[in-house]
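Following this message is one structure expressed as structure tokens.
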Amino acid sequence: MLQTEQEYIRILRSRLEGTLPDDELNDIISDYTEHFRIGKADGRTEEDLFSSLGSPEDVAREIRATHLVRKAEGDRSWKNIIHAVLATLGLGLFNLVFVLVPFVILVVLLFVVFFAGIACAVFGPVAGIFAVLQMAGLPAFAIWQSPAAGIFFSLGITTLGLLLVIGDYYLARFFYHIGIRYLKWNIGVITGTEQIP
Amino acid sequence: MTESGERQQQPACIHACLKIGGISAARIVLWLAAITIVSFVIGFGILALSGGFPPGPDESLSLFRHSAFYTPNTTEVPLDGAVAGDIALTLGAGELRVRGGAPDAVLIGTTVFSRAPEWQPELVQSINNSRKSVEITEKGHKGKEWFAVDSPNSWTVLVNEKVPVRLEVNVGAGDSTLDLRKITLESLTVNNGAGDTTVELGNYPDRRFDATIRNGVGDLTLRVPPESNTRIHAETGLGDITSNGFVQDGDSFVTAGFNPSLAFNEITLNQGVGSIILETL
């Protein structure tokens, strides 16, 4: 049970330290201090203000998630998006379904496409060598229905693999962009702000 | 374009104008896509010219050799002076075709379209009192063939038409087509786990002939000559029985003019799930 405004601010600061830069953290603490000051000037009690703001732990979780999503948006990296997803999970257990599951599915999809591309890019040249050996009359390496066709198929499989790898890169960028928007929307719905400015 | 205009376009160009070795990513992707398409078109073109594309009715489309079709394993079991035979065929999974047409000195000729060597069946033969016994059994396969995933497992068995034989057929899963019209059958036993079974029998007017056909899941079609003296007991767990040219006699189906005092064909059909079709042809 919170006793004072100072205790509220102390908990809020301790929960956000290490996540937010000092200047941004100080701004947020100043905002909340100001909110308490104005509230008290209007005759509201500390209990009333605590009740309207929510617990400092919940407030810290929302601020942390918002900050990490914005950070992931500004600086695209696996590390940042994973931090953003984990912070969003902390906003509610239901986000295991609405955030974690789609995230895992997309990551698996990207890995599948990537490894399929690598497999094709590696298999293509190897199969091309087999086609050449088959044309040379080595029956032990006769894997193609037609070795001449096999050379072209090998080339096609190789370039298809490279296309898959490159396509996977752009697919990852697309999912990243969509994922950030979804996380923002998710946080907005949970906090009741609908969208993060 | 002015310098300020170029500067304004730079942010939008960061991703689209990604360059590798001085060539933009878009050009690389387009080149790769073009090479891929042209390569496959030429490949299929060569395949079509060499007769590999489109695939035949019994083949699946594959760029790779179906080693099974390229290396059929044909085995002939000689009669060795025998005047009768016992034949047992056991196929785990695949397609089985049995018909007459083996050479005179041969009891059966078997062509196995299967992956060598682990898919090749085991052959056991013996002779006892002028009766030759042959067992052909697929022992199962464990290996993985990487380049012909859909390679078939298919047997074609030709049986001597003049030598009387007792035939037993066991198929785990797959379709069986037994054209036995020209074969001199003494008895027939068919067990098929899952798949369609078609059996065509001949006329055996001078002796009694017994046949038992069990089919687990799938359709079972039995054809007999209309002039044959045949009685069929048919049971099906789940499915219809359709008869054409038969007279229903209680739980049995008999050919027109059936006379139990004469030698007749007694056939028992046991079907789990699927239709039974009885025809006189």
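What follows is calculated from the coordinates using simple rules that are stated; it is not laboratory data. Note that the structure is a prediction, hence the values are computed from the model and not measured. Positions of Cβ are generated from backbone atoms using ideal geometry, with glycine treated the same way; all protein chains shown enter the neighbour counts.
For residue B:198 paired with residue B:233, estimate the spin-label separation in nm (one decimal), with each label point 7 Å from Cα along the Cα-to-Cβ line.
For the pair residue B:198/residue B:233, the computed spacing is 2.8 nm.
If you don't mind, another one. Taking just the C-alpha trace of the protein assembly as shown, give me its Rg and Dmax in Å.
Cα radius of gyration and Dmax of the protein assembly as shown are 37.9, 119 Å respectively.
Just to confirm my numbers, what's the Cα centroid distance between the stretch A:28-87 and the stretch B:265-281 in Å?
After rounding, the separation between the Cα centres reads 77 Å.
For labels at residue A:138 and residue A:104 in the simple 7 Å Cα→Cβ model, what's the distance in nm?
For the pair residue A:138/residue A:104, the computed spacing is 4.6 nm.
Please give the length that would be gained between residue B:76 and residue B:34 if that part of the chain were fully extended, namely 0.36 nm times their separation in residues minus their C-alpha to C-alpha distance (nm, one decimal).
Details: separation 42, 0.36 × 42 = 15.12 nm, distance 5.24 nm.
In short, 9.9 nm is gained.
So which aspartates and glutamates can residue B:182 reach, going by Cα to Cα under 14 Å and dropping same-chain residues fewer than 8 places off?
Excluding near neighbours in sequence, the set is B:104, B:161, B:200.
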